[in-house]
Every structure is written in C-alpha cells, then in structure tokens.
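Have a look at the structure below, then the notes.
The values are calculated or read from the model by the stated rules, or taken from the named source; none is laboratory data. Everything quoted here is computed from the prediction, not taken from an experiment. We place every Cβ from the backbone using ideal geometry, glycine too, and count neighbours over all the protein chains shown.
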Amino acid sequence: VMNKQREVIYEQRTRCLEERNLRDQVLGIMEDIVRGAVETFADKDTYPEEWDLDGLFKYVAQFHPVSWGREDLDLSTLTREELFEKLWESIQDAYEKKEKELGSEAMRELECLVMLQVVDERWREHLRDMDYLREGIGLRAIGQKDPLVEYKREAYVMWQKVMDDIREDFVKFMFHARFVEEPARPQLKVVAGGGSEIAASPRQRRGKKVGRNDPCPCGSGKKYKKCCGG
C-alpha cells in the first residue's frame, strides 16, 4: 500500500523539480474542484430553487470569491452544467489575472513552490497517520474483523482524503500566496495571504557535501541530481 502511495508522491515531486511547468495540471485540478463543488451543493435530483447556493458560494470563496450571487441567476431555467460553466469561468479568469500580474515565469515558479510545500506537508501528516493506523489495527481482531482487510480499507480512505486535501490546499494557496522580496537577502520567499511563510528559503548544507550522483538525503531513493538537487 505505502509503496504505491510513495510512488505517486515522488512522481509529483519529480514533475515539479524537472518539468517546472504545472499550468495544465493546475487548471485541471481547479476544474475538478469546481465541478465537484457543483455536484455536491446542486443536487441533480432537486430543483435549482432548492440547491444550496449559499453553501456553494461559501465553499468557492475559500479559493476565490466570485463577483456574482444567487440574485444574478435565473433559477427557473438554470442547469447544473450552466452553473458549473459560470463558476469555472470566474475562477479561470481570476487565475489568468494573477498570472498577468506576476508574469508567466514567476507564476510557473510559484506553482512548483506551492505544490512541493503542500505535497511534502500532507505526505508527512499521512505517514504519521499510517503509523497510528498500524499500531491500532490489531484491536480490530477482537471485533471478529480481519485486521489486514480493515487496514487496506482504512488506508485507502485516508489516501483519498490526502489527495483531496493536497488539491484543495494547493488551489487555496495559489490564489492567496504572493512573492515577497526581503531587503537583506536576495532570494524570494512565498507567503500566504495571512502573512505566514509557505515555502522555506533555500536550505543551507551542513556536514558532508552531497554529490550529484549520491542518493538524495530526502530518502526518495533517487539520485540527488534527479531529486532535490535538480
């Protein structure tokens, strides 16, 4: 279970470090989030007047608030697909605007920095949660349940949540993060809207220098030049 999950995480990290262009992936993630929100808050088995539009707008606002509301919609003819298209257009326009403000090169760098930060943080949390799951799974045998089956089932549910959290955190940070240049140091850092730093400054090497063909210290199993040293 963990090996397959680890492969997914390292594949995403490698993509960030080597390709340095996540634009298509970013747009795909945002589109999936918007479509999922519409499917959640606009039940296909109910009339538009009964949809939880307030809940939908509140959910979307954590990423980027739209400039229109319920009063701007004709609920007598509105379809879920039309609602999705209107929301998606607003989110996409906001992202394009941010890219124009930062410039394409800076936007690509920001996407990679934020993705690496979010993936690493959520992966570390997941590893801790999986340790807790392994420690407690033996108790399931007392309830006449197969511990291995229970472990795989819960591990799958936890993994799906990790992937959902990564996508949501990523989009949230992308809309609220900004570059800040520190006068005393030449490098840039990325901070969230509230001012908290979300991407660490370049690491300082300590001890023996890592060769480009040596195993990466992060534990990925890849050569340093193909991982953090890329």
Of (1) surrounded by 17 or more Cβ atoms within 10 Å (Cβ to Cβ); (2) assigned to a helix (DSSP H, G or I); (3) not hydrophobic (A, V, I, L, M, F, W, C), D93 satisfies every one except (1)
Output the residue which, of all residues in the range 8-51 that are part of a loop (DSSP other than H, G, I, E, B) and among the polar types (S, T, N, Q), is nearest to I91 (Cα to Cα).
N21
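Yes/no per residue for (1) touching a helix residue (DSSP H, G or I) at 6+ places or on another chain (Cβ under 6 Å); (2) among the aliphatic types (A, V, I, L, M); (3) within 18 Å of I166 (Cβ to Cβ):
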| residue | (1), (2), (3) |
| --- | --- |
| L17 | no, yes, yes |
| R23 | no, no, yes |
| V26 | yes, yes, yes |
| M30 | yes, yes, yes |
| E39 | no, no, no |
| A42 | yes, yes, no |
| D52 | yes, no, no |
Show the residue pairs meeting these rules: Cβ distance below 6 Å; 6+ apart or different chains; first residue within the range 16-27 and within 14 Å of V171 (Cβ to Cβ); second residue β-branched (V, I, T) and crowded, with 16+ Cβ neighbours inside 10 Å.
none
If a residue must be surrounded by 13 or more Cβ atoms within 10 Å (Cβ to Cβ) and either assigned to a helix (DSSP H, G or I) or modelled with pLDDT of 95 or more (or both), how many such residues does the range 52-69 contain?
7
Can you tell me which residue among R128, R122 is among the charged types (D, E, K, R), buried (at least 17 other Cβ atoms within 10 Å of the Cβ) and assigned to a helix (DSSP H, G or I)?
R122
Looking at K86, is it assigned to a helix (DSSP H, G or I), without any contact (Cβ under 8 Å) to a residue 24 or more places away in the chain, exposed (fewer than 13 other Cβ atoms within 10 Å of the Cβ) and among the basic types (K, R)?
no
Quick one: V114 ticks every box in (1) surrounded by 11 or more Cβ atoms within 10 Å (Cβ to Cβ); (2) β-branched (V, I, T); (3) over 27 Å from V8 (Cβ atoms) except a single one, so which number is it?
(3)
Quick one: count up the residues across the range 111-146 that are basic (K, R) and either over 30 Å from R23 (Cα atoms) or at pLDDT below 85 (or both).
4
